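Asker: Sharing a structure, written as C-alpha cells. Questions coming.
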Amino acid sequence: MIIVMQSKAAKAQVDEVVGRIKDLGLKPHVSHGEFRTIIGAIGDESLLRPESFAGMAGVEKVMPIMKSYKLASRDFNAADTVLEVGPVRIGGDCLAVVAGPCSVESERQLRDVARATRDAGAALLRGGAFKPRTSPYSFQGLGEEGLRLLRDIGGEFGMPTVTEVLDPRDLDLVIRYADILQVGARNMQNFRLLADLGRIDKPILLKRGPAATIDELLMSAEYILSEGNHRVLLCERGVCGFEKSTRYTLDLSAVPNLQAATHLPVGVDPSHATGRRDLVTPMALAAVAAGAHAVMIEVHPDPERALSDGPQQLTPKAFQHLMAELAPIAQVVGRKLQTQVKPNT
C-alpha cells in the first residue's frame, strides 16, 4: 500500500504516518518527489486497512499496490529514477555506455582499454576481478589486485567503475574499490546477497537471469529496494532459447516492457547476450533505439588472446565505430549521451 501525502503536508504529518506504519510492525519507505511525498507500507498486507490512514492529517489518498513487487513498481514512483554516479547520470533521458574488458588481466590491458573507450565516448569502465566460470580450471580473475587496478585506472581516466560481486563474503572488499556493484545473471536470485546489497550506499547493476521472467527480475530488485537501497539499474542480457547460433536470445522487448512496469533505469548487455562480436554493434544500436538507459560493451585490445569471453569482445577500433553509429540514434530517441571530459592522460 502507498500513502500519497498532500502537496503542503508538514514534516510532522509525514512522521505521524510513518510512526503508525511502524506501530503495525511494517516497514515504511518515504519517497520525496518534487510535488508530493509518497510513503510505502511494506510487509504483511493483512495488517493494513486503508481507512486507518485515509483520515490522517496531510494524507491525500491511499492506494493499494496489487503487484508482488511494490517499491520497484511505477505505482509507487511514477517518475523515472535517475542514478547519479559521480558526474554520470543513468535514467530518464540520459544514456550511459559502460565499456571495458570481460576480465581485468593486467595494468597495461586495462589502461589501453580505458583510454580507448573514454576517448570514443564511454562514461563508465567495467572489468571483472572475480569471474564466475563454468569450468573450475578457467581463469577466475585477479581478485583484489584486479579491483585495485580498476579503481586506479578508472580514477586516472575519470571513469566510474563497474565490477561484479559474487559472494556476500567479498562485499566489504568490493565496496572499497568499485563505484557500481554488479549482480551477475547466475546470482540474480541469490537473495542473501541481494539483501546485503540493499544495506549499502552504492548503486547496483542487477542482471536478468537466463531463465528468469520480467516479474522475477523485478522481485529480485525488490529485495534490494526493501532493505533501503533504491539505486538499482536493471540489465537485460539474454534468456535461454532454442537458437544455438548465439549464446542467448536477447529479449529487447524487455526494455519497454520493464519501463512500463518500473521506474528503475534499464540497461542492455549485448556482449553476453549474443556471445559474438559481429552481433554486438547491431544489438547495441537496437537497444538504444528500444529506449535503453545504458549499454554494456566488452572491449579488449587483443580479443583473440583474452583470458575470458574473447569471441564477444570488440577491439578498440570496432568500439569507436560503434559509438559513432550510436550517437545519432541516441539523439533521435531523445537520449543525452553521457561522456567524460578528457583529463591530461
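Asker: Taking the Cα centre of the stretch 83-338 as origin, sum charge times position over the Cβ atoms of Lys and Arg (+1) and Asp and Glu (-1), and report the length of that vector in debye to the nearest 20.
Answerer: Charge dipole of the stretch 83-338: 200 debye, to the nearest 20.
Asker: Only loop residues by DSSP count here, and only those with at most 15 other Cβ atoms within 10 Å; note down the chymotrypsin sites (Phe, Trp or Tyr not before Pro) in the stretch 213-289 that meet that.
Answerer: Those that pass, being in a loop and sparsely packed, are Phe242.
Asker: With Cβ to Cβ distances under 15 Å as the rule, what net charge do the other residues near Ala330 carry (K, R +1; D, E -1)?
Answerer: Once all neighbours under 15 Å are counted, the net charge is +1.
Asker: By count of other Cβ within 10 Å, fewest leading, how are Cys240, Cys102 ordered?
Answerer: Ascending number of Cβ neighbours within 10 Å: Cys240, Cys102.
Asker: For Cα pairs less than 8 Å apart in space and 6+ apart in sequence, what is the mean separation divided by the residue count of the stretch 223-345, i.e. the relative contact order in percent?
Answerer: 19 percent
Asker: Do any of Lys11/Lys67; Lys27/Lys207; Lys27/Lys67; Lys11/Lys336 go past 24 Å between their Cα atoms, and which?
Answerer: Beyond 24 Å: Lys11/Lys67; Lys27/Lys207; Lys11/Lys336.
Asker: Continuing with the same structure: Give the separation of the Cα centroids, the stretch 263-309 to the stretch 145-203, in Å.
Answerer: Taking the Cα centre of each part, the stretch 263-309 and the stretch 145-203 sit 19 Å apart.
Asker: May I ask for the angle, rounded to the nearest 10°, between helix 107-120 and the longest principal axis of the chain, with both axes built from Cα atoms and the value confined to 0 to 90°?
Answerer: 70 degrees
Asker: Right, here's the next one. Let me check I've understood the local charge: for Gly228, count other residues with C-beta under 11 angstrom from its C-beta, Lys and Arg +1, Asp and Glu -1. What total comes out?
Answerer: Summing Lys and Arg as +1 and Asp and Glu as -1 gives +1.
Asker: Still on this structure, please answer the following. What residues qualify as long-range amide H neighbours of Val232, i.e. H under 5 Å apart, gap of 5 or more or another chain, H built at 1.01 Å from N?
Answerer: Placed amide hydrogens put Ile204 under 5 Å from Val232.
Asker: Got the relative contact order for the chain handy, in percent, Cα pairs under 8 Å and 6 or more residues apart?
Answerer: Once divided by the residue count of the chain, the mean separation gives 18 percent.
Asker: Kindly provide the helix-only [θ] at 222 nm of the chain, computed as the sum of -39,500 (n - 2.57) over DSSP H runs of four or more divided by all residues, to the nearest 500 deg cm²/dmol?
Answerer: -10000 deg cm²/dmol
Asker: Quick check on the exposure proxy: order Glu222, Glu51, Glu45 from fewest to most C-beta atoms within 10 angstrom.
Answerer: Glu51, Glu45, Glu222
Asker: Another question, if that's okay. Can you pull out the trypsin sites (Lys or Arg not before Pro) in the stretch 140-200 that DSSP calls coil and that have at most 14 other Cβ atoms within 10 Å?
Answerer: Arg199
Asker: Okay, next question. Using alpha carbons only, how many degrees (0 to 90, rounded to 10) separate the axis of helix 316-332 from the longest principal axis of the chain?
Answerer: Computed tilt is about 40 degrees.
Asker: For the chain, find the longest principal axis of its Cα atoms and tell me its angle to the long axis of helix 11-23, 0 to 90°, nearest 10.
Answerer: 90 degrees
Asker: Given an 8 Å cut-off on Cα distances and at least 6 residues of separation, report the relative contact order of the stretch 2-63 as a percent.
Answerer: The normalised contact order for the stretch 2-63 reaches 49 percent.
Asker: Give me the net charge for the shell around Glu105: Cβ to Cβ below 13 angstrom, other residues only, Lys and Arg +1, Asp and Glu -1.
Answerer: So the surrounding residues net to -2.
Asker: Shifting gears a bit: So if each residue of separation counts as 0.36 nm, and I subtract the Cα-Cα distance between Gln331 and Thr246, what length gain in nm does that give?
Answerer: 27.7 nm
Asker: Separate question: Assuming a viscosity of 1.306 mPa s and a temperature of 10 °C, what translational diffusion coefficient in µm² per second does Stokes-Einstein assign to the stretch 2-63, Rh being the Kirkwood radius over Cα pairs?
Answerer: Calculated translational D: 140 µm²/s.
Asker: Let me ask something additional. Mind checking the stretch 100-176 for chymotrypsin sites (Phe, Trp or Tyr not before Pro) that DSSP puts in a loop (not H, G, I, E or B) and that have at most 14 other Cβ atoms within 10 Å?
Answerer: Tyr137
None of the figures in this text is laboratory data; all of them are computed from the coordinates on show. This structure is a prediction, so every number in the text was calculated from the model and none was measured. All Cβ positions, even for glycine, are placed from backbone atoms using ideal geometry, and neighbour counts span all protein chains on display.
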